[in-house]
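For reference, the structure is listed below as structure tokens.
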Amino acid sequence: MLFPVPGLTIFPGDFAAVQVAREKFLELGDSPVTEPFRANIAECTTLSPLDPLLARAHERCHYGQMMSTFFGLTMWQAETCVVDLTLWQSFDREARDWAPQGQIRDAVSVVRLFCEAMRGQVDLTMEKFLFVANRANAHIAAHWGLPERTWRSRRPHRDSYLPSDRHTADEVVEAGARLAELTYLGSAPVPLPPHLLQEWFDSRLHGEYSRVSELLITAVADVGTAALLVDEALMGPSFLASGITDDIFVEDVLPGWRLQPLIHQARANFVPAGEGAVHYCADTLPKQVGLPGSRKEVNRLVASEGDLLGAATLSATDDEVLDFLDNRRYRAFSLNRYRLGLASRSTNPAPYLPGSREQAEELLSIGGFDPVLEIYQDAALWNDVVATKDEGIVISAYVELVRTSTVNAVLDNTFDLRVLRAPEKSLANILGGDLSVRRALAATALVSALVGEDDATMLFVF
């Protein structure tokens, strides 16, 4: 999927397989199953039975990266702009009337290119990247009602906007998720046989996105410290917020640029253990290498005046089909999630990482960093804390997934929602009852216009 959805994860496997893997992995303590469990691990010849559980840890890490890092916030602000403008252009006559011919299309094109560049998916000179980033930022700022910030570089004439090793944000993000798998393996109630760990290294440190994972594991002896370095690399202050107007330097914010000096400094210095490592990597280490530290930037963001992260312009209509274009209820919910997730870092840096999840009570009260809706091949599960407080938000999360998938269809001329087509994952089966039937029917009409009635009905059928 081109654009992710805040509050939601899609798991490429069966929830039943996750449950089986958990039984193999987590039955511990003094229970009668302890000895059989130990024997099972000792006799295990392959990691395959545990792969679903590792995949879940992997995807949950991506969710934490998205919802509580400055990189995740920056990408969401930009991607939301693309999703909104594409839907408005396609369906909202009023939006087409007030916008000069081609203006929305051009805005979508440049912001989408900016998203791809932020992830390292395109080959641009530094000069070209700055041109794209500043044009895109103007559109994003206008969309969210926030002040613009100017992108700059200390090396404006470089042949590439990426660092010398050409490490991309996608590689950094993926390295963090692979380290989450390794951390999970390390939490086994009994030591894993060496051949299982070796299988993990052999399978995860090769192929696409493996370069940063391999670098971190070989350069930083402690897996927990390596994960903290990834997290800090994702905390470059490239977001837009009210009250913050200073320039954005490429070398200070792109994850590939940030990771280089952080690794070098961590290798050359003693990194404290445990909780000390968390604060060292968030405060001291960035300062030592001349980077803006995440704790300082979090405090500045929290202290900024007015509406912290803005509120994207919404088309003024009560029409239910056009209301689907905005999904304003879920927009407000997501903004609050970002506010709380980032604010929690002022006292608990890297709150989503294993061993660092003592979250603020306010954050726990809204379901912590667990997804609102988690979609597997054989089930769709919702966050009990969220659903208990406001079941309608779960519906809105589902609608947000369809909005985003619809935009992917518009932009890429493909529409593949097989992950949602199983009958047990229709909106009706997920939530039951007849909540928001009218809104579901309105959304069905909208999606039908793009992808056909059969696909749309499969998603929303009651």
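The values are calculated or read from the model by the stated rules, or taken from the named source; none is laboratory data. The structure presented is a predicted model; accordingly, all values stated were derived computationally and were not measured. Heads up, the Cβs are rebuilt from the backbone with ideal geometry, glycines too, and the neighbour counts pull from every protein chain shown.
The residues of the stretch 266-292 that are of a type in the set (A, V, I, L, M, F, W, C) and either within 20 Å of Leu215 (Cα to Cα) or modelled with pLDDT of 80 or more (or both), listed by number, are Ala266, Ala268, Phe270, Val271, Ala277, Val278, Cys281, Ala282, Leu285, Val289, Leu291. Among the residues here, Gly207 qualifies as loosely packed, with under 15 Cβ neighbours inside 10 Å, out of contact with any Lys or Arg (no Cβ under 7 Å at 6 or more places or on another chain), over 18 Å from Ile248 (Cα atoms) and of a type outside the set (D, E, K, R).
Which is touching a Leu at 6+ places or on another chain (Cβ under 9 Å), more than 23 Å from Thr80 (Cβ to Cβ) and among the aromatic types (Phe, Trp, Tyr), of Trp151, Trp144, Trp200? Walk me through how you get there before you give the answer.
Working: Trp151 fails: more than 23 Å from Thr80 (Cβ to Cβ); Trp144 fails: more than 23 Å from Thr80 (Cβ to Cβ).
Going through Trp151, Trp144, Trp200 in turn, the sole match is Trp200.
So, Phe270, is that one outside any helix (DSSP H, G or I) and under 21 Å from Glu79 (Cβ atoms) or not? Even if it seems obvious, please write down each step before you answer.
On the way: outside any helix (DSSP H, G or I): yes; under 21 Å from Glu79 (Cβ atoms): no.
Taking the combined requirement at face value, the residue does not satisfy it.
I'm told Cys281 meets every condition in (1) under 26 Å from Leu146 (Cβ atoms); (2) of a type outside the set (Phe, Trp, Tyr); (3) over 20 Å from the mean Cα position of the chain (by Cα) except one. Can you identify the failing condition by its number? Exception for Cys281: condition (1). Looking across the stretch 131-160, the residues that are modelled with pLDDT of 90 or more, assigned to a loop (DSSP other than H, G, I, E, B), surrounded by fewer than 19 Cβ atoms within 10 Å (Cβ to Cβ) and not hydroxyl-bearing (Ser, Thr, Tyr) come down to Pro147, Glu148, Arg154, Arg155, Pro156, His157, Arg158, Asp159. Number of residues in the stretch 339-350 that are within 16 Å of Val372 (Cβ to Cβ) and surrounded by fewer than 24 Cβ atoms within 10 Å (Cβ to Cβ): the value is 2. The one condition from (1) in contact with a His (Cβ under 9 Å, 6 or more places away or on another chain); (2) surrounded by 20 or more Cβ atoms within 10 Å (Cβ to Cβ); (3) closer than 25 Å to Phe249 by Cβ that Ala177 does not meet is (3).
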